[in-house]
Amino acid sequence: MANSDIHRDHKEAAKQNTSIKLARVIKVLGRTGSRGGVTQVRVDLMDDSGRSIIRNVKGPVRENDILTLLESEREARRLR
């Protein structure tokens, strides 16, 4: 998928729902889930708030990836 396709998808999603937030992965914290299929990451919200939260991500993810969060209030519990 080309970068312009991703940008267009974000713009279309933003038109449908204004609560969608973009977040940049700043650190990969580890794998979780019963089979390790979920990755726990710390993300910086890209709005003006400057908040960083921990989220669980299914699928491949690495630092500096941009995630589209359908909601940004919930935070994942830390791995033990």
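The values are calculated or read from the model by the stated rules, or taken from the named source; none is laboratory data. Source: prediction; values computed, not measured. Note that we place each Cβ from the backbone using ideal geometry, even for glycine, and neighbour counts take in every protein chain shown. The protein model used for the area step is the full one, side chains on, heavy atoms only, and it has no ligands, DNA or RNA in it. Shrake-Rupley method; radii C 1.70, N 1.55, O 1.52, S 1.80 Å.
Would you point out the residue of segment 18-40, among those that are without any contact (Cβ under 8 Å) to a residue 24 or more places away in the chain and β-branched (Val, Ile, Thr), that is most open to solvent (accessible area, probe 1.4 Å)? This residue is 18.
Please go through segment 59-80 and give me each residue that is basic (Lys, Arg) and not in a loop (DSSP other than H, G, I, E, B), ordered by number.
Here is the first cut: in segment 59-80, the residues basic (Lys, Arg) are 62, 74, 77-78, 80.
Hits for segment 59-80: nothing passes.
Restricting attention to segment 26-47, the residues that are part of a strand (DSSP E or B) and not hydrophobic (A, V, I, L, M, F, W, C) total 8.
Could you list, in sequence order, the residues of segment 56-80 that are open to solvent by less than 60 Å² (accessible area, probe 1.4 Å) and within 10 Å of residue 23 (Cα to Cα)?
Residues of segment 56-80 that are open to solvent by less than 60 Å² (accessible area, probe 1.4 Å), as a first pass: 57, 59, 61, 65, 67-69, 71-72, 76.
Result: 65, 67, 68, 69, 72.
Apart from one condition, residue 52 fits all of (1) small (Gly, Ala, Ser); (2) touching an Asp or Glu at 6+ places or on another chain (Cβ under 7 Å); (3) open to solvent by less than 40 Å² (accessible area, probe 1.4 Å); the exception is (3).
Hey, does segment 52-67 have a residue that's among the acidic types (Asp, Glu) and at pLDDT 95 or above? Looking for residues that are among the acidic types (Asp, Glu) and at pLDDT 95 or above, one finds at least one in segment 52-67, hence yes. Residues in segment 48-58 that are under 11 Å from the mean Cα position of the chain (by Cα) and either polar (S, T, N, Q) or assigned to a loop (DSSP other than H, G, I, E, B) (or both): 52, 56.
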